[in-house]
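Trainee: Sharing a structure below in structure tokens format, with a few things to ask.
What follows draws every value from the coordinates through simple rules; no lab data is involved. Everything quoted here is computed from the prediction, not taken from an experiment. Neighbour counts run over all protein chains shown; Cβ positions are idealised from the backbone, glycine included.
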Amino acid sequence: MDWLLQQFINGLALGFIYALVALGYTMVYGILRFINFAHSDVLMLGAFSAYFLAPALQKTGSPVSIVSAFLIVVLAALICAIIGMLIEFLAYRPLRQRPRLTVLITAIGVSLFIEFTGQHKAVFGANTKPFPQLLPESTVQLGNVSMQSNDIIISLVTMLLLAGLWLVIQRTRTGMAMRAVSFNEKAAALMGVNINRIISFTFGLGSALAAIAGIFYAMRSPGIDPLMGMKPGLYAFVAAVIGGIGNLPGAALGGLLLGLLETFAGGIPGVSNYRDGIAFAILILILLFKPAGLLGRLQPEKV
Amino acid sequence: MKKYLNQSLWFLAATSLLALVAAGCGKSGGDTIKIGEFASLTGKEATFGISSHEGTLLAVDEVNAAGGVLGKKLELLTEDNQSKPGESATAVNKLIARDGVIAILGEVASSRSLEAAPICQQNKIPMISPSSTNPKVTETGDYIFRACFTDILQGKILANFAGQKLKAKKVAVFTDVKSDYSKGLAKYFKEHFIAAGGQIVTELDFNGGDKDFKAQITAIKAANPEAIFIPAYYTDVALICIQAKQLGVTAPIFGGDGWESEDLVKIGKDAVEGTYFSTHCSADSPGTKVSDFVAAYRKKFNGKTPDAMAMLGHDTVKMLADAITRSGSTDAAKVRDALASLKDFDGVSGKITIDAKRDATKPMVILQVKDGQFKLVDTVNP
């Protein structure tokens with residue numbers, strides 16, 4: 001039974017990372033009703049921001065410490081928030097009044113643009129790069145089950161971020177404006193909500209979360225490359241749909257569910273190669289029985 | 001999208017230029033002999049591509065410094081396939097159709113050599129793969145050669161190594177299902193290991209480029225193997241070793257020639273210490289041929305120590321130059337025949353004899369990662 005518990009722990013941290021990314025997909029969908037496919041590349045940019053920030057920050061401060069790790073994460077999140085807002089401003093805002101499909105295709109274009117620019121020799125290059133150690137690492141051994149300090153920190157920080165996000169959306173004026181825009185954009189505008197500012201903020205917030213998720217992802221498997229965002233991006237997108245797209249707790253739940261499913265499927269000899277297929281089979285099953293996703297209602301209160 | 005556009009464009013170009021090539025636009029040409037090379041200069045297996053390319057470059061320089069071949073200088077045209085599927089076909093089509101090369105050199109990875117081989121075979125252009133070990137590569141046709149052993153031999157030697165040196169009776173195998181090399185090597189290893197009385201306790205798969213292997217490693221650990229065999233490439237291997245260490249795996253881990261890269265240590269750090277892998281040859285191997293090559297390579301590439309990929313890349317050029325000299329022409333069919341009859345060729349990677357299957361039969365070495373360096377543990381004769 002040890003291995004079952006071990007798989008649960010393995011899957012949990014992965015699920016939390018998917019949850020963080022899924023929030024970004026679902027928030028943007030909630031407000032703009034389209035899937036921001038470039039989101040997974042912001043995740044990659046977050047990991048690369050940390051890759052470049054870490055040597056600089058670890059040189060000045062104490063080498064590998066919680067303080068430097070905190071600074072790296074915050075700075076990378078800021079950088080990616082700005083990138084996210086820029087993507088919205090340059091690529092999506094000019095198309096705001098166009099059909100949804102146009103924006104969707106543009107999002108795919110932005111995603112490919114970032115991926116292939118990143119692979120260019122002058123930018124990051126296509127090679128896998130060793131991701132620096134950000135935190136002192138240790139392994140907690142409980143009988144036959146081992147837990148990495150990184151995984152524990154990832155899980156705790158993600159839970160804090162989820163709670164924080166909930167507070168922002170439910171308890172602040174900006175959050176109220178976000179909910180208003182998602183509910184009815186025109187009415188919100190008439191009530192004096194600055195739509196552009198709220199949309200920018202949503203992209204910034206989602207991108208910051210993606211950046212943090214990217215760093216967490218890279219901490220667990222310290223080899224990063226410009227295409228690293230594709231897989232977690234895809235899983236997080238599925239997670240958002242499973243949970244009910246546009247629904248925040250649903251995205252978190254979907255992320256956890258997929259992380260666990262992927263891990264359990266991956267640990268069975270003979271099935272391990274079909275873990276992606278299993279994730280999508282589950283997606284289809286859930287959508288067959290609950291077309292709006294697990295927590296989604298057909299007319300849900302969005303974001 | 002662009003990739004597919006390019007591909008179809010090149011397909012058009014390839015077909016329309018075929019007639020021109022046949023008419024001999026490359027062969028009649030100028031005062032150089034054009035050789036094409038396709039390599040993974042960037043991407044997942046970049047250190048392989050770069051090493052192999054550097055060895056190739058050095059060999060071309062040496063041949064040209066010694067007066068070239070048949071009084072003409074060799075001209076090397078290199079295309080990068082970014083370690084990606086699909087790009088090799090495009091690159092090789094371009095080299096043959098547009099540049100009119102008389103032979104193709106490449107690649108390290110079997111999957112990508114398998115993409116290029118049918119094109120070379122179809123155009124009747126000799127191709128020499130420096131280090132693709134999957135048997136299927138040369139089975140493509142009589143114009144396809146390699147400068148290295150195949151995985152049938154490598155699998156056998158690794159099976160012996162696991163049984164005799166590691167004293168393991170129960171081995172777990174962790175295969176990259178995206179890679180022909182990995183699947184092939186796993187298959188031949190299993191055959192020989194089971195035939196020698198060993199037991200494969202569990203087999204798990206991953207997709208090359210995955211980042212999270214903990215699920216599979218937990219399952220491998222639960223099966224209690226005495227050793228773990230990972231026939232894969234270094235980027236994935238490094239991440240697997242890191243996560244295996246985190247999960248408290250203590251069984252020795254070993255693999256094949258896909259491991260030999262400085263990035264294995266750069267990414268894997270202390271997690272890859274003590275692991276073993278087999279490869280073609282080592283800079284530590286005795287003999288002046290090797291030491292001369294190591295010295296020349298260090299001089300040209302800022303003190304970098306050559307790995308097996310560099311030595312094999314070097315040998316492909318020398319093999320080709322030898323074949324052209326012996327056939328006395330750059331005619332593809334004659335060069336092919338000369339390559340097929342290559343015997344006891346004194347390469348840096350060892351004595352090369354091309355057998356009936358157009359594979360090279362050669363000794364192999366086992367290396368161990370020690371203090372971040374690859375140390376020669378054993379040399380095995382076929």
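Trainee: Could you give the semi-axes, largest first, of the ellipsoid that matches chain A, computed as the square roots of 5 times the alpha carbon gyration tensor eigenvalues and rounded to whole Å?
Mentor: Working: eigenvalues 177, 116, 71 Å².
So the three semi-axes of chain A are 30, 24, 19 Å.
Trainee: Taking the simple approach of a point 7 Å from Cα along Cα-to-Cβ for both A:Trp166 and A:Arg33, what is their distance in nm?
Mentor: Here the modelled spin labels are 2.9 nm apart.
Trainee: What percent of all Cα-Cα pairs in segment B:255-382 falls into each 10 Å bin, going from 0 up to the bin containing the maximum distance?
Mentor: Result, from short to long distances: 12, 38, 31, 15, 4, 0 percent.
Trainee: Obtain the nm distance between the two label points defined at A:Lys121 and A:Leu78 by a simple spin-label model: each point lies 7 Å from its Cα along the Cα-to-C-beta direction.
Mentor: Placing both labels 7 Å along Cα→Cβ, they lie 3.4 nm apart.
Trainee: Please list the non-local residues whose amide H lies under 5 Å from the amide H of B:Gly256, H modeled 1.01 Å from N, same-chain partners needing a gap of 5 or more.
Mentor: Amide H neighbours of B:Gly256, under 5 Å, 5+ apart: B:Ala232, B:Ser278.
Trainee: 5 Å is the cut-off here: which amide hydrogens, built 1.01 Å from N in the peptide plane, fall below it relative to B:Ile33, excluding neighbours closer than 5 in sequence?
Mentor: Hits under the 5 Å cutoff: B:Lys73, B:Leu74, B:Glu75.
Trainee: Binned at 10 Å from 0, what are the whole-percent values of the Cα-Cα distance distribution for the protein assembly as shown, short to long?
Mentor: Over the protein assembly as shown, the share of Cα pairs per 10 Å bin runs 3, 15, 23, 22, 18, 12, 5, 1, 0 percent.
Trainee: Moving on. For chain B, find the longest principal axis of its Cα atoms and tell me its angle to the long axis of helix B:180-195, 0 to 90°, nearest 10.
Mentor: 50 degrees
Trainee: Among B:Gly163, B:Leu153, B:Ile217, which residue has its Cα furthest toward the positive end of the charge dipole of segment B:152-279, with +1 on Lys/Arg Cβ and -1 on Asp/Glu Cβ?
Mentor: Looking along the dipole axis, the top candidate is B:Gly163.
Trainee: Between B:Arg298 and A:Gln133, what FRET efficiency comes out of the Förster formula 1/(1 + (r/R0)^6) with R0 = 30 Å and r the beta carbon distance, rounded to 0.05?
Mentor: On the way: r = 31 Å, r/R0 = 1.04.
After rounding to 0.05, the efficiency reads 0.45.
Trainee: So, in Å, what gap is there between the alpha-carbon centers of segment B:39-61 and segment B:130-149?
Mentor: Result: 18 Å between the Cα centres.
Trainee: Going by average Cβ neighbours within 10 Å, how do the peptides B:221-228, B:105-112, A:76-83, B:305-312 rank, with the highest at the top?
Mentor: Working: B:221-228: 19.9, B:105-112: 29.8, A:76-83: 21.6, B:305-312: 28.0.
The packing order, highest mean first, is B:105-112, B:305-312, A:76-83, B:221-228.
Trainee: Checking understanding here: applying a Kyte-Doolittle mean of at least 1.0 and a length along the axis of at least 30 Å (C-alpha), which whole DSSP H helices in chain A pass?
Mentor: A:2-32, A:66-87, A:149-171, A:195-220
Trainee: Please list the three semi-axes, largest first and in whole Å, of the ellipsoid equivalent to chain B, using sqrt of 5 times the eigenvalues of its alpha carbon gyration tensor.
Mentor: 36, 22, 18
Trainee: Dipole size in debye (nearest 20) for chain A around its Cα centre, Lys and Arg Cβ +1, Asp and Glu Cβ -1? Walk me through the numbers before you get to the answer.
Mentor: Numbers: 19 positive and 11 negative charges, 202 e Å.
For chain A, the charge dipole is close to 960 debye.
Trainee: Which value in nm describes the separation of the simple spin-label points at B:Asn381 and B:Gln121, placed 7 Å from the Cα toward the beta carbon?
Mentor: With each label point 7 Å from Cα toward Cβ, the separation is 3.4 nm.
Trainee: If we sort A:233-244, A:258-269 on the protection proxy, mean other Cβ atoms within 10 Å, highest first, what's the order?
Mentor: Sorting A:233-244, A:258-269 by mean packing, highest first, produces A:233-244, A:258-269.
Trainee: Quick one: what do you get for segment B:152-279 if you divide its Cα Rg by 2.2 N^0.38 Å?
Mentor: Rounded to two decimals, the normalised Rg is 0.93.
Trainee: Let me have the 222 nm mean residue ellipticity of chain B computed from DSSP H runs of 4+ only, each contributing -39500 (n - 2.57), with the sum over all residues rounded to the nearest 500.
Mentor: It lands at -14000 deg cm²/dmol.
Trainee: Expressed in nm to one decimal, what extension gain is obtained for the pair A:Leu287 and A:Val67 from 0.36 nm per residue of sequence separation less their Cα-Cα distance?
Mentor: Going from the current span to full extension adds 74.8 nm.
Trainee: Here's something else I'd like to know. Let me know the Rg and Dmax you get for segment A:68-183 when you use only its Cα atoms, in Å.
Mentor: Reported Rg and Dmax, both Å: 19.6, 59.
Trainee: Still on this structure: Over the Cα atoms of segment A:112-170, what is the Rg over Rh ratio if Rh follows Kirkwood? Before the final figure, lay out the partial values.
Mentor: Details: Rg = 18.0 Å, Rh = 15.2 Å.
Using Cα coordinates only, the ratio equals 1.19.
Trainee: Rounded to the nearest 20 Debye, what is the dipole magnitude of the protein assembly as shown about its Cα centre when Lys and Arg each give +1 and Asp and Glu each give -1 at the C-beta?
Mentor: Dipole size: approximately 1560 debye.
Trainee: In addition: Translational diffusion coefficient, Stokes-Einstein: compute it for segment B:222-293 using the Kirkwood radius over C-alpha pairs as Rh, at 25 °C and 0.890 mPa s, and state it as an integer in µm² s⁻¹.
Mentor: 186 µm²/s
Trainee: If you don't mind, there's one more thing I want to ask. Take the alpha-carbon centre of segment A:1-60, take the same for segment B:273-327, and report the distance between them in whole Å.
Mentor: 42 Å
Trainee: Still on this structure, please answer the following. So if we plug the beta-carbon distance of A:Leu5 and B:Lys289 into 1/(1 + (r/R0)^6) with R0 = 41 Å, what FRET efficiency do we get, rounded to 0.05? Can you show the working numbers first?
Mentor: Working: r = 56 Å, r/R0 = 1.36.
Calculated transfer efficiency: 0.15.
Trainee: Another one. Between the alpha-carbon centers of segment B:184-211 and segment A:157-217, tell me the distance in whole angstrom.
Mentor: Here the answer is 49 Å between Cα centres.
Trainee: Report for segment B:152-279 the percent antiparallel among DSSP-assigned beta bridges with both residues inside it, nearest 5.
Mentor: DSSP beta bridges in segment B:152-279 are roughly 0 percent antiparallel.
Trainee: Mind putting together the pair-distance distribution for segment A:1-140? All Cα pairs, 10 Å bins, whole percent per bin, short to long.
Mentor: P(r) for segment A:1-140, in whole percents per bin: 10, 31, 32, 20, 6, 0.
Trainee: Something else: Long-range amide H contacts for B:Gly347: which residues qualify at under 5 Å (H placed 1.01 Å from N, peptide plane, sequence gap of 5 or more or a different chain)?
Mentor: Those qualifying (amide H under 5 Å, at least 5 residues apart or on another chain) are B:Ile352.
Trainee: Shifting gears a bit: What dipole magnitude, in Debye to the nearest 20, does chain B give about its Cα centre under +1 on Lys/Arg Cβ and -1 on Asp/Glu Cβ?
Mentor: 240 debye
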